[in-house]
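Taking it in order: structure first as structure tokens, then the write-up.
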Amino acid sequence: MTIRKPLVAANWKMNGSDALARELTAALATVNLADVDVLVCPPATLLHTLASTEHCLLGAQNLSQYTSGAYTGELSASLLAEAGVRFVLVGHSERRTLFAESDQVLAEKMQQAITHGLTPVYCIGENLQQRQQEKTGQVLAKQLAAVYASHPEFIAKSVIAYEPVWAIGTGEAATPEQAQQAHAEVRQQLAQYDSKAAATVRILYGGSVNSKNATELFGQTDIDGGLVGGASLNAEEFLHICQSAKG
Ligand code: PEP
């Protein structure tokens, strides 16, 4: 029996609607997903719609690296926690590239999340050029070191999402073998900081997951569920993906 409960997370990005939030919670209520943690990360304006349901966990897509103050437009970890948020994405490739979030800023965001009792979903992954140059292991090691080398105690309080950048939103998911290899590498890298936590931390795969490829991906030894973008915007499709994680 696995020691890690599967987790399937929806990342709606800047999509979705109040109607979709209601449709999804109604759909989740029709199935038994007791063996799977289902997490939904909607845009911040929709958090309140999902906050009262017991059928999914609530996540934010971003948080500030600051505690409070004159940071117009930003949301602190404590404000998110007060809104019922329990998880938060940190280091998504779109934040790293489009919003130039550095390793330093991401480490500060991880600290904020953990200090305020939120579980960070720390996203890492190589781009196409790095994969073609066979630098995947190196890239993952650097992204993990940026947070966990100085805070190994954060591993047990995190979820990791391995998201190869070339697979995000492209319809070209990593093969189960490619994904398993990267997940094993991540677990091995983490073990040098805390071997016990490395064995129990959940590592999600993200990048063009859909209802057709989810079962095989989630069936890999070191894959503990998924972070789902596009396919999570269809309630029925997302439900199928969640059911694929039941094992
Ligand atoms: C994501 O953005 O986290 C993601 C995995 O997107 P998609 O499933 O659309 O590739």
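Residue by residue, here is whether (1) within 16 Å of the ligand (Cβ to nearest atom); (2) among the aliphatic types (A, V, I, L, M); (3) surrounded by 19 or more Cβ atoms within 10 Å (Cβ to Cβ) holds:
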{"site": "Ile168", "(1), (2), (3)": "yes, yes, yes"}
{"site": "Gly171", "(1), (2), (3)": "yes, no, no"}
{"site": "Ala179", "(1), (2), (3)": "yes, yes, yes"}
{"site": "His183", "(1), (2), (3)": "yes, no, yes"}
{"site": "Ser195", "(1), (2), (3)": "no, no, no"}
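Taking the criterion of being of a type outside the set (S, T, N, Q), more than 13 Å from the ligand (Cβ to nearest atom) and within 26 Å of Asp18 (Cβ to Cβ), the residues of the stretch 230-247 that qualify are Ala235, Glu236, Leu239, His240, Cys242. Among the residues of the stretch 89-123, write down those that are within 22 Å of Gly169 (Cα to Cα), within 16 Å of the ligand (Cβ to nearest atom), of a type in the set (A, V, I, L, M) and not in a strand (DSSP E or B). Within the stretch 89-123, Leu98 is the sole residue that qualifies.
Residue-wise test of (1) within 21 Å of Tyr205 (Cβ to Cβ); (2) touching a residue at least 24 places away in the same chain (Cβ under 8 Å); (3) aliphatic (A, V, I, L, M); (4) surrounded by fewer than 19 Cβ atoms within 10 Å (Cβ to Cβ).
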| site | (1), (2), (3), (4) |
| --- | --- |
| Ala70 | no, no, yes, yes |
| Ser76 | no, yes, no, yes |
| Gly84 | no, yes, no, yes |
| Val88 | yes, yes, yes, no |
| Gly91 | yes, yes, no, no |
| Glu94 | yes, yes, no, no |
| Ala100 | no, no, yes, yes |
| Asp103 | no, yes, no, yes |
| Leu106 | yes, yes, yes, no |
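Remark: Ala34 matches the filter, which requires a residue to be exposed (fewer than 13 other Cβ atoms within 10 Å of the Cβ) and under 30 Å from Thr221 (Cβ atoms). Which residues, taken from the stretch 212-229, are surrounded by fewer than 18 Cβ atoms within 10 Å (Cβ to Cβ) and within 14 Å of the ligand (Cβ to nearest atom)? Answer for the stretch 212-229, where residues must be surrounded by fewer than 18 Cβ atoms within 10 Å (Cβ to Cβ) and within 14 Å of the ligand (Cβ to nearest atom): just Lys212. It is to be established whether one or more residues within the stretch 183-199 are small (Gly, Ala, Ser) and under 16 Å from the mean Cα position of the chain (by Cα). No, the stretch 183-199 has no match at all. Scanning the stretch 124-162 for residues that are part of a loop (DSSP other than H, G, I, E, B), more than 15 Å from the chain's Cα centre (by Cα) and of a type in the set (Gly, Ala, Ser) yields Ala149, Ser150.
Since every read-out is calculated from the coordinates, none of them should be taken as a lab result. In this text the structure is predicted, and so the values were computed from the model without any measurement. FYI the Cβ positions are ideal-geometry reconstructions off the backbone, even for glycines, and counts take in every protein chain you see.
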